[in-house]
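Written out below as structure tokens is the structure these notes cover.
Taken together, the values in this text are just the output of simple stated rules run on the coordinates, not laboratory data. A quick note: this is a predicted structure, and the numbers were derived from the prediction, not measured. No Cβ is skipped: glycine too gets one built from the backbone with ideal geometry, and neighbour counts run over all protein chains shown.
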Amino acid sequence: MAHDDNHRQHQHQHHHHDHTDIDWNEMAPLLEAQAELFTPLYEHTMAWLAKRQTEPGLIVDAGSGPGVIACLLADTFPGARVVAVDGSEPLLQRARARAERLGVADRFSTLAGELPDVLGDLDYPADLLWAGRSLHHLGDQRAALAAFADRLAPGGTLALQEGGLPARFLPRDIGFGRPGLQARLDALEAEWFAAMRADLPGSVAETEDWPALLTAAGLRPSGTRSFLLDLPAPTTDRARAYVVASLTRIREGVGDHLDADDRAALDRLLDPDDKASVHHRPDVFVLAVQTVYTAVRTK
Ligand SMILES: C[S@@+](CC[C@H](N)C(=O)[O-])C[C@H]1O[C@@H](n2cnc3c(N)ncnc32)[C@H](O)[C@@H]1O
């Protein structure tokens, strides 16, 4: 995402967490690996959605990233066309390649541009608009939800995936350092997240009561449900690689704000030559929860 110079200046003047600009192209492998690992969770989400919106004709994935979930939507709704929308063309390239590989390319297309305005380029209103972990990257979430609602067909459903619980990868006591490291990483990430939001162009502070915001957008909230990903130890190489990538990203993003003991513990966890690192230790797991809110356009 491009940001102007004023924005950068603003960022440096007001926040000690400097690196809130996200390079989405650089994130591509992690986004893809995460969505692939979380596929069992998404399959439950899709089954739940399919009961709420039967036979949508057009599905829009707003902020699709590399398209793992957009392709799951195509799979779940074989009668639907899917449009993956994102600000990053390289991520959409991955989405198209994936649709090709999975044999759904004939009813899969992409649209590149800034959300929410780019939705104005859609030829038809959507019967199902999925926004997975994308709304919180838009400065004015209330205005964006109104724009999403505006692109729904009458009877159409907006499905918003936001929040849940911070993921857990390790026991509370990992045998070195002060117990509870992940809880302290969560606290730093929450601060980073707040700075990230404050630095977005056109950022507006908002109480994140999603059903209330969906109602304000003219929709009728129709359900909230949280979905669990539970990959217990001993874990797969894929899950372990995801834990390594996630902790590496946390180390790079907020590691300098940890106290010396926690920083040393995190560095040990990430050292491939250390038997107690997440590269080798047998107790690594992935436990995550994601919440989905649905709302219907009634008129
Ligand atoms: C955290 S990722 C989520 C990707 C995918 N929905 C998932 O759940 O794996 C957020 C996505 O929103 C896109 N995005 C962020 N800000 C955007 C904007 N202003 N306009 C369009 N897309 C944006 C990013 O390019 C990225 O692909």
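Could you work out how much longer the chain between Asp209 and Arg225 gets when fully extended? Use 0.36 nm per residue separation minus the Cα distance between them, nm to one decimal.
Contour length minus the Cα-Cα distance gives 4.3 nm.
Give me log10 I(q)/I(0) at q = 0.25, 0.30, 0.31 Å⁻¹ for the range 113-154, Debye formula, one equal scatterer per alpha-carbon, no solvent.
Debye curve over Cα of the range 113-154, log10 I(q)/I(0) at q = 0.25, 0.30, 0.31 Å⁻¹: -0.90, -1.23, -1.28.
Taking the mean number of other Cβ atoms within 10 Å as a proxy for protection, how do you rank 222-230, 61-69 from highest to lowest? Spell out each step's value before the answer.
Working: 222-230: 15.2, 61-69: 27.0.
Those peptides, ordered most packed to least, come out 61-69, 222-230.
How far is helix 5-14 tilted, in degrees, relative to the longest principal axis of the Cα atoms in the chain, given as a value from 0 to 90 rounded to the nearest 10?
Rounded to the nearest ten degrees, it is 50.
Relative to the compact globular guide of 2.2 N^0.38 Å, what is the alpha carbon radius of gyration of the range 14-296, as a ratio? Kindly include the intermediate steps, with their values, before the conclusion.
On the way: Rg = 19.4 Å, N = 283, 2.2 N^0.38 = 18.8 Å.
So the Cα radius of gyration is 1.03 times the expected 2.2 N^0.38 Å.
By the gyration tensor of its Cα atoms, with a ≥ b ≥ c the square roots of the eigenvalues, what is the shape of the range 66-109: rounded for a/c under 1.5, prolate for a/b over b/c, or oblate? Present the calculation step by step, with values, prior to reporting the outcome.
Working: a/c = 2.00, a/b = 1.61, b/c = 1.24.
It comes out prolate by the Cα gyration axes.
For the range 168-299, how big is the tail of P(r) above 26 Å, as a whole percent of Cα pairs?
Percent of Cα pairs beyond 26 Å in the range 168-299: 40.
Would you compute, from DSSP H runs of 4+ residues alone, the mean residue ellipticity of the chain at 222 nm, taking -39500 (n - 2.57) per run and dividing by the full residue count, rounded to the nearest 500?
Working: 10 runs with 123 residues, N = 299.
Taking each H run of at least 4 residues, the total per residue is -13000 deg cm²/dmol.
Does the range 27-143 classify as rounded, prolate or oblate by the C-alpha gyration tensor (a ≥ b ≥ c root eigenvalues; a/c under 1.5 gives rounded; else a/b over b/c gives prolate, otherwise oblate)? Could the numbers behind the result be given before it?
On the way: a/c = 1.25, a/b = 1.10, b/c = 1.14.
Verdict is rounded for the range 27-143.
Against the longest principal axis of the chain, how steep is helix 89-101, in degrees 0 to 90 to the nearest 10, with axes from Cα atoms?
Rounded to the nearest ten degrees, it is 80.
Calculate the FRET efficiency for Ala194 and Asp117 from the Cβ-Cβ distance with a Förster distance of 30 Å, rounded to the nearest 0.05.
Values: r = 25 Å, r/R0 = 0.83.
Result of the calculation: an efficiency of 0.75.
Estimate the FRET efficiency between Ala47 and Asp173 by the formula 1/(1 + (r/R0)^6), using the beta-carbon distance for r and 45 Å for R0, to the nearest 0.05.
Details: r = 37 Å, r/R0 = 0.82.
Computed FRET efficiency for Ala47 and Asp173: 0.75.
What angle do you read, to the nearest 10 degrees and between 0 and 90, between the alpha-carbon axis of helix 39-52 and the longest principal axis of the chain?
30
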